[in-house]
Amino acid sequence: MTTKRDVHSNGSGIDYSVVEADEPRHPHCCQFLDYWKARLQPDGVMLRSDFNPLDMPRAMGGMFVVEPVNGGTDMRYRLVGSENEERLGVRFTGKLFSESYSPEMASDQIAFHNRIIETRQPACLRGYLIGVDLEHVHYEAIYLPVRTDEGEMQVIGGLYELPADKG
(Lines give C-alpha, C1' and ligand atoms only; values in the text may rest on other atoms or scores of the structure.)
Protein backbone atom coordinates (compact mmCIF):
# COMPACT_ATOMS: atom_id res chain seq x y z
CA MET A 1 0.00 0.00 0.00
CA THR A 2 1.11 3.52 -0.70
CA THR A 3 0.33 6.10 1.97
CA LYS A 4 -0.19 9.68 0.87
CA ARG A 5 -1.48 12.89 2.35
CA ASP A 6 -4.02 14.83 0.37
CA VAL A 7 -4.21 18.46 1.43
CA HIS A 8 -7.35 20.37 0.50
CA SER A 9 -7.44 24.03 -0.42
CA ASN A 10 -8.88 24.88 3.01
CA GLY A 11 -5.75 23.51 4.67
CA SER A 12 -7.34 20.33 6.02
CA GLY A 13 -5.99 17.02 4.89
CA ILE A 14 -6.91 13.40 4.49
CA ASP A 15 -4.26 10.71 4.78
CA TYR A 16 -5.01 7.70 2.63
CA SER A 17 -3.60 4.41 1.51
CA VAL A 18 -5.01 2.28 -1.28
CA VAL A 19 -4.52 -0.92 -3.31
CA GLU A 20 -6.58 -2.39 -6.11
CA ALA A 21 -8.40 -5.62 -5.21
CA ASP A 22 -9.46 -8.41 -7.56
CA GLU A 23 -12.92 -8.85 -6.05
CA PRO A 24 -15.01 -6.93 -3.53
CA ARG A 25 -15.56 -8.27 0.00
CA HIS A 26 -17.89 -5.69 1.50
CA PRO A 27 -21.55 -6.78 1.20
CA HIS A 28 -22.60 -3.44 -0.35
CA CYS A 29 -19.80 -3.59 -2.94
CA CYS A 30 -20.71 -7.20 -3.78
CA GLN A 31 -24.36 -6.15 -4.11
CA PHE A 32 -23.36 -3.28 -6.43
CA LEU A 33 -21.33 -5.61 -8.65
CA ASP A 34 -24.12 -8.21 -8.86
CA TYR A 35 -26.68 -5.47 -9.57
CA TRP A 36 -24.48 -4.07 -12.36
CA LYS A 37 -23.83 -7.50 -13.92
CA ALA A 38 -27.55 -8.34 -13.92
CA ARG A 39 -28.30 -5.19 -15.95
CA LEU A 40 -25.53 -5.33 -18.55
CA GLN A 41 -26.53 -4.45 -22.09
CA PRO A 42 -25.30 -6.49 -25.10
CA ASP A 43 -22.28 -4.13 -25.37
CA GLY A 44 -21.23 -5.02 -21.81
CA VAL A 45 -22.24 -1.76 -20.09
CA MET A 46 -25.18 -1.00 -17.83
CA LEU A 47 -27.42 1.94 -18.70
CA ARG A 48 -27.42 4.70 -16.08
CA SER A 49 -31.22 4.78 -16.34
CA ASP A 50 -31.29 1.14 -15.17
CA PHE A 51 -29.64 2.16 -11.89
CA ASN A 52 -32.11 2.95 -9.13
CA PRO A 53 -30.45 3.81 -5.80
CA LEU A 54 -33.69 2.91 -4.02
CA ASP A 55 -32.99 -0.73 -4.95
CA MET A 56 -30.14 -0.60 -2.39
CA PRO A 57 -31.40 1.65 0.43
CA ARG A 58 -28.81 0.49 2.99
CA ALA A 59 -25.99 1.37 0.58
CA MET A 60 -27.25 4.85 -0.35
CA GLY A 61 -25.11 6.80 2.15
CA GLY A 62 -21.91 5.57 0.50
CA MET A 63 -22.95 5.82 -3.15
CA PHE A 64 -21.36 8.11 -5.70
CA VAL A 65 -21.81 9.08 -9.35
CA VAL A 66 -18.88 10.57 -11.30
CA GLU A 67 -18.87 12.08 -14.79
CA PRO A 68 -15.99 13.18 -17.02
CA VAL A 69 -15.56 16.90 -17.69
CA ASN A 70 -13.65 18.57 -20.52
CA GLY A 71 -13.08 15.35 -22.43
CA GLY A 72 -11.93 13.46 -19.33
CA THR A 73 -9.26 15.94 -18.26
CA ASP A 74 -11.21 16.31 -15.01
CA MET A 75 -14.09 14.51 -13.28
CA ARG A 76 -17.11 15.84 -11.41
CA TYR A 77 -18.94 14.24 -8.51
CA ARG A 78 -22.58 14.38 -9.58
CA LEU A 79 -23.48 12.75 -6.28
CA VAL A 80 -21.67 11.63 -3.14
CA GLY A 81 -23.59 9.89 -0.38
CA SER A 82 -24.18 11.81 2.82
CA GLU A 83 -22.38 9.28 5.03
CA ASN A 84 -19.11 9.74 3.13
CA GLU A 85 -19.38 13.53 2.99
CA GLU A 86 -20.09 13.63 6.73
CA ARG A 87 -17.26 11.25 7.62
CA LEU A 88 -14.69 13.19 5.56
CA GLY A 89 -16.04 16.58 6.55
CA VAL A 90 -16.16 17.74 2.92
CA ARG A 91 -19.10 18.30 0.57
CA PHE A 92 -18.00 16.68 -2.69
CA THR A 93 -21.33 16.64 -4.58
CA GLY A 94 -21.06 18.94 -7.60
CA LYS A 95 -17.30 19.47 -7.22
CA LEU A 96 -14.53 18.74 -9.69
CA PHE A 97 -11.72 16.39 -8.66
CA SER A 98 -9.28 19.22 -9.41
CA GLU A 99 -10.93 21.38 -6.73
CA SER A 100 -11.50 18.52 -4.28
CA TYR A 101 -8.02 17.00 -4.08
CA SER A 102 -4.36 17.87 -4.22
CA PRO A 103 -3.00 17.94 -7.79
CA GLU A 104 -1.35 14.52 -7.32
CA MET A 105 -4.47 12.80 -5.97
CA ALA A 106 -6.71 14.49 -8.54
CA SER A 107 -4.44 13.27 -11.33
CA ASP A 108 -4.41 9.72 -9.92
CA GLN A 109 -8.19 9.66 -9.50
CA ILE A 110 -8.89 11.15 -12.94
CA ALA A 111 -6.64 8.53 -14.58
CA PHE A 112 -8.27 5.73 -12.56
CA HIS A 113 -11.82 6.81 -13.50
CA ASN A 114 -10.82 7.28 -17.15
CA ARG A 115 -9.47 3.71 -17.15
CA ILE A 116 -12.83 2.41 -15.91
CA ILE A 117 -14.66 4.40 -18.60
CA GLU A 118 -12.28 3.37 -21.39
CA THR A 119 -12.06 -0.33 -20.51
CA ARG A 120 -15.71 -0.50 -19.42
CA GLN A 121 -14.57 -2.84 -16.66
CA PRO A 122 -15.38 -2.58 -12.94
CA ALA A 123 -12.68 -1.98 -10.35
CA CYS A 124 -12.41 -2.34 -6.58
CA LEU A 125 -10.10 -0.44 -4.22
CA ARG A 126 -9.29 -1.15 -0.57
CA GLY A 127 -7.43 1.04 1.83
CA TYR A 128 -7.80 3.49 4.65
CA LEU A 129 -8.64 7.13 5.16
CA ILE A 130 -7.97 9.35 8.10
CA GLY A 131 -10.71 11.94 8.05
CA VAL A 132 -12.31 14.39 10.44
CA ASP A 133 -10.87 14.29 13.98
CA LEU A 134 -8.20 11.80 12.83
CA GLU A 135 -10.72 8.98 12.50
CA HIS A 136 -9.03 5.98 10.86
CA VAL A 137 -11.35 4.16 8.47
CA HIS A 138 -10.58 0.99 6.52
CA TYR A 139 -12.71 1.04 3.40
CA GLU A 140 -13.59 -0.72 0.20
CA ALA A 141 -14.92 1.02 -2.88
CA ILE A 142 -16.48 -0.37 -6.06
CA TYR A 143 -16.38 1.53 -9.39
CA LEU A 144 -18.70 0.54 -12.24
CA PRO A 145 -18.95 2.04 -15.74
CA VAL A 146 -22.41 3.07 -16.95
CA ARG A 147 -23.72 4.77 -20.08
CA THR A 148 -26.32 7.53 -20.03
CA ASP A 149 -29.25 7.52 -22.46
CA GLU A 150 -27.33 10.20 -24.39
CA GLY A 151 -24.36 7.85 -24.82
CA GLU A 152 -22.05 9.56 -22.29
CA MET A 153 -20.09 7.42 -19.85
CA GLN A 154 -20.17 7.79 -16.07
CA VAL A 155 -18.89 5.82 -13.10
CA ILE A 156 -21.22 4.74 -10.30
CA GLY A 157 -20.29 2.96 -7.13
CA GLY A 158 -19.91 3.17 -3.42
CA LEU A 159 -17.33 3.51 -0.67
CA TYR A 160 -17.94 1.62 2.58
CA GLU A 161 -16.19 1.01 5.88
CA LEU A 162 -14.58 -2.37 6.51
CA PRO A 163 -13.85 -3.76 9.97
CA ALA A 164 -10.30 -2.72 10.93
CA ASP A 165 -9.05 -6.30 11.12
CA LYS A 166 -10.21 -7.02 7.55
CA GLY A 167 -8.95 -3.87 5.77
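The values are calculated or read from the model by the stated rules, or taken from the named source; none is laboratory data. The structure presented is a predicted model; accordingly, all values stated were derived computationally and were not measured. Using ideal geometry, Cβ is built from the backbone for each residue, glycine included, and neighbour counts are taken over all protein chains shown.
Among the residues of region 49-70, those that are buried (at least 19 other Cβ atoms within 10 Å of the Cβ) and part of a helix (DSSP H, G or I) comprise Ala59, Gly62. Scanning region 33-44 for residues that are at pLDDT below 95 and either surrounded by 13 or more Cβ atoms within 10 Å (Cβ to Cβ) or small (Gly, Ala, Ser) (or both) returns a single hit, Gly44. Condition check for Lys95 on (1) in contact with a Phe, Trp or Tyr (Cβ under 7 Å, 6 or more places away or on another chain); (2) surrounded by 18 or more Cβ atoms within 10 Å (Cβ to Cβ): one failure, at (2). From the list Tyr139, Tyr143, Tyr160, Tyr101, the lone residue that is touching a Leu at 6+ places or on another chain (Cβ under 7 Å) and surrounded by 18 or more Cβ atoms within 10 Å (Cβ to Cβ) is Tyr139.
Taken over region 75-92, the criterion of being crowded, with 16+ Cβ neighbours inside 10 Å and either in contact with a His (Cβ under 9 Å, 6 or more places away or on another chain) or more than 25 Å from Leu33 (Cα to Cα) (or both) is satisfied by Met75, Val90.
For region 32-79, enumerate the residues that are among the small types (Gly, Ala, Ser), over 22 Å from Phe112 (Cβ atoms) and within 17 Å of the chain's Cα centre (by Cα). Gly61 - this is the single residue of region 32-79 that is among the small types (Gly, Ala, Ser), over 22 Å from Phe112 (Cβ atoms) and within 17 Å of the chain's Cα centre (by Cα).
All conditions but one from (1) touching a residue at least 60 places away in the same chain (Cβ under 8 Å); (2) closer than 25 Å to Gly151 by Cβ apply to Tyr101; the one that does not is (2).
Restricting attention to region 96-148, the residues that are at pLDDT 95 or above and either assigned to a loop (DSSP other than H, G, I, E, B) or among the basic types (Lys, Arg) (or both) total 6. Determine, yes or no, whether Arg87 is at pLDDT below 95 and basic (Lys, Arg). When the stated conditions are applied, Arg87 passes them.
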